[in-house]
Amino acid sequence: MSTFTYRARDDKGLLVTGSMEAASQRDVYTQLDTMGLFPVSAKETKTAASFAADDFLLRFQKVKYDDLIFFTRQLQTIIRAGIPVVAGLRALEEQTTSPKLKAAIKTVAQDIDRGQSLSEALSQHKGIFSELYISMVSAGEAGGSLEEVLERLAGIIEFQMKTKEMLKSAMRYPLFVVSTLVIAFVVLIKMVVPKFVPMFKNAKIALPLPTQILLLINDLAEKYTVFTIGAIVLAIVLFILYKRTANGAMTIDRIKLQIPLVGQIVLKICMGRFAFTLENLVRAGIPIVKTLEIVSRTVGNNYIAQKVIEIGQNIEKGRGISKPLRDAGIFPPLVIHLISTGEETGALEEMLKEVSTHYDREVAYSVTRLSAWVEPILTAGLSVMVLFLALAIFMPWWDMMSAMRGAG
């Protein structure tokens, strides 16, 4: 049984409110009907423990890009229509399907009702609304261009979602190839090779090198299985812990850029994010140093982010933007050239848009090309593995057959 609060009307049309114990909302309506009341609504009353449990679970939930884009687009519509922000937010709260975002919208509406600005209220929920989001809303409020800023924000979030999916695609194929090869090798070592091992060990012939290597691998697999699994688990845990450190994240992200094929795709995605976000922040009227600080948190790579921060520090020293870009040593010549041209001609936003559009096309092309490489790489890897196993297994057979014919 649960406690429900209800609203109903009596035979005179007067509103009646109260609470009752019931198994479900339908039971509440049935009891109200028995009491001669017309049900209007019935909601389950949560206990303090339920609220605490919900709050705890909400901390681990993530707001999807789609939900945030919908919220931003709808908020833009509310501003354009001239609807009061608090009333609009309460309407959005009802439409939002994400529990975490719904709770945040409710709190934001309450904070605005108490006298806070929209950006101040959003800043209380940095787990949902990034610094980029809050800074752009603040700039929009100050410049009276909130509707335009929200439109740009929705575009930025959509771009981030798209590039994240591209990055996943770029990393997914190499991981698929490596995983397939490892699984195939493990299956062969654990299920196929053991059937031949006793025969080879009892053979009175000199075993060829491939067979010796195969027997060594089999012995290691049999004697040190638990140790190997433990070592792998330990390595994974240590890797995760190292990645969470500042130096670890920096080193790993720098290595990502050096991986053949994949590294160039990662760099292109980061360059596209850099240019797209920088363009929109500059158009929003945010100071360039503050803009670069925000952009550093959106590029998706800690190593490049550090370079962006260093560029901002150099700009503060009055060195412009193109020279620090060149000195960073990570930005491709195209980016440096277009931004330098934009800086000299006063058309920085247009040049940044060109960079973003260029790398958008480049990433799509590179991911497609990487996909085309997967099949031959996988085929070649499997072929080498099969050839090695074939030599390791059949070469001793040929030697034993030769020995038997010689003895006969």
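Bear in mind these aren't lab numbers, they're just calculated from the coordinates by the rules spelled out. In this text, all values refer to a predicted model and were calculated from it rather than measured experimentally. Here Cβ is always computed from backbone atoms with ideal geometry, including for glycine, and neighbour counts include all displayed protein chains.
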(Q) For the chain, compute Rg over Rh where Rg is the Cα radius of gyration and Rh is the Kirkwood radius from the inverse mean 1/r over Cα pairs. (A) 1.16
(Q) Mean-square fluctuation check for the chain, GNM, Cα pairs under 10 Å: which of V186, V40, V289 is largest? (A) V40
**Q.** Dipole-positive endmost among S117, L68, L267 within the chain (Cβ charges, Cα centre)
**A.** L267
Q: Using the Cα centre as the reference, give the magnitude of the dipole from point charges on the C-beta atoms of the range 162-408 (Lys, Arg: +1; Asp, Glu: -1; all else neutral), rounded to the nearest 20 debye.
A: 640
**Q.** Candidate lysines for bridging to K323, where Cα separation is under 21 Å - those fewer than 8 sequence places away on the same chain excluded
**A.** K268, K290, K307, K353
Q.
For a quick size check, give me the Cα extents of the range 210-349 along its three principal axes, largest first, whole Å.
A. 69, 30, 23
Q: State the three equivalent ellipsoid semi-axes of the range 65-158, derived from the C-alpha gyration tensor as the square roots of 5 times its eigenvalues, in descending order and whole Å.
A: 16, 15, 14
Q. Which whole-angstrom value gives the distance between the alpha carbon centres of the range 297-366 and the range 111-163?
A. 24
Q) Which whole-Hz ³J(HN,Hα) couplings does the range 337-348 yield from phi under the Karplus relation 6.51 cos²θ - 1.76 cosθ + 1.60, θ = phi - 60°, glycine and proline marked x? A) 5, 5, 5, 4, 5, x, 5, 6, 9, x, 10, 4
Q: Normalising by the residue count of the chain, find the relative contact order in percent from Cα pairs under 8 Å and 6+ residues apart.
A: 13
Q: Mind pulling the angle between the C-alpha long axis of helix 25-34 and the longest principal axis of the chain? Nearest 10 degrees, somewhere in 0 to 90.
A: 30
Q | Overall dimensions of the range 2-45 as given by Cα atoms, namely Rg and Dmax in Å | A | 9.4, 29
